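Right, one structure below, let's go through it.
Just so you know, all these numbers are worked out from the coordinates, no wet-lab data involved. None of these values were measured; they are calculated from a predicted model. So basically every Cβ, Gly included, is an ideal-geometry build from the backbone, and we count neighbours across all protein chains shown.
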Amino acid sequence: MSSQEQPEQGEAKPRPLNEPALTALSLYPQDWALFLDIDGTLLDLAERPEAIVVPDYLPGTLHALSRQLGGALALVTGRAIEFVDPLFAPFRFPVAGLHGAERRDAAGRLRRAHIPPAFQAMKQTIAYEAQAWPGAIVEDKGAAVAVHFRHAPAYEAEIGEIMQRHLEEAGPDWNLQRGKMVIEICPAHASKGHAVETFLSEAPFEGRRPVAIGDDVTDETMFAAANRLGGQSVRIGDANGKTLARASIGSPARLRDVLGTLVK
Ligand SMILES: O=P(O)(O)OC[C@H]1O[C@H](O[C@H]2O[C@H](CO)[C@@H](O)[C@H](O)[C@H]2O)[C@H](O)[C@@H](O)[C@@H]1O
Ligand SMILES: [Mg+2]
C-alpha cells in the first residue's frame, strides 16, 4: 500500500460509507424511528442460541443512537424479553419479544402473552420427545417454544411433523414460526409488523418514519409495515431475492459499523 494511500498520522481513519437507507437517521434524527432485529442482524449468528456474542461497544452505540433519535429506537426480536435485557445492559430499550407477542413500551409498560397450563405441559412433552433427536436444542421462551435443528439437520422433517401435530392440538391461539434452522410454536397474534405499528402509535415513535432492519422471514412483516408507512426496510445478508426489504446490508458486522457512523 503506497504512502499516499496511508492516512496521515493522526488523521481519522476513513469512516465507512453510510448506507443510503440509514443516512436519514443521522441527517434527520427528529423524523425517523429505528426498529432492530437482534439475531442475524445486530449479532452474528452462533452455533447455539446461548452462544451469541455482544460486542462490548454495541450497547453504548445503541444507547447513543437512541438518544439521537429522541428514544425512538426499539428492538424487535423472536427472543424472550428477559433474555434481551442482559444482552444490552445497563440499557433497557423498548422491546418487542417473541416476534411481537410480548412488548415493553418506551414508558416501561410490559405486556406479556398468557401461558396456559396446557402450553406448559406441551413444552414438557416436546422436551421429552427431543431426546429422540440427538443434537436438537429445545428453547423454552415462556409463551413460545423453539426446537433448533442446526446440529440435528437429519431430523428437520420429523421435528416439523411433530411440531405441526402439537400446533393442531394447541389450537388457533398458537402459530408455527419457522426461522434459521429452527421451528417454533408461538402465540398466533405474534407479528413484528404489528409490534412496529403499535410502537409508532406511541411516544416517542409517533409521527416518525420507521427504519426496519432484520435478517429472517419473521422480519418480513415489519419490512411490509415500514414500506407501507413511507419508511425504509433493510435486510441483512442474502435473501435470495425473496424479501420485501428495499435495501440490504451484507452482514451484522457491516450494520454495526454503519450504526456507529450514524451517531453524531
Ligand atoms: O428475531 P431474532 O432476534 O432474529 O431472533 C430469531 C431467533 O434467534 C435465535 O435463533 C437463531 O440464532 C441462534 C444464535 O445465533 C442460532 O443458533 C439459531 O440457529 C438461530 O435460529 C433464538 O434462539 C430464537 O429464539 C429466535 O427466535
Ligand atoms: Mg434475526
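Antiparallel versus total DSSP beta bridges in the chain: what percent is that, nearest 5? Present the calculation step by step, with values, prior to reporting the outcome.
Values: 19 of 37 bridges.
Around 50 percent antiparallel, to the nearest 5.
Between the DSSP loop rule and a limit of at most 16 other Cβ atoms within 10 Å, which trypsin sites (Lys or Arg not before Pro) in the stretch 174-239 are left?
Working: sites: R178, K180, K192, R208, R228, R235; in loops: K180, R208.
Here the trypsin sites (Lys or Arg not before Pro) that fit, given the DSSP loop and packing criteria, are K180.
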Mean ellipticity per residue at 222 nm, deg cm²/dmol - from DSSP H runs of n ≥ 4 across the chain, formula -39500 (n - 2.57)
-9000 deg cm²/dmol
Counting other C-beta atoms within 10 Å, and keeping those with at most 10, which DSSP coil GluC sites (Glu not before Pro) do you find in the stretch 100-169?
none
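How would F93, F35 line up from fewest to most surrounding beta-carbon atoms within 10 angstrom?
Values: F93 18, F35 29.
Lowest to highest Cβ neighbour count: F93, F35.
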Please report H114, H166, H63 as a ranked list, fewest other C-beta atoms within 10 angstrom at the top and most at the bottom.
H114, H63, H166
Do any chymotrypsin sites (Phe, Trp or Tyr not before Pro) in the stretch 143-216 lie in a DSSP loop with no more than 10 other beta carbon atoms within 10 Å, and if so, which?
none
Please order L176, L27 by the number of other Cβ within 10 Å, starting at the fewest.
L27, L176
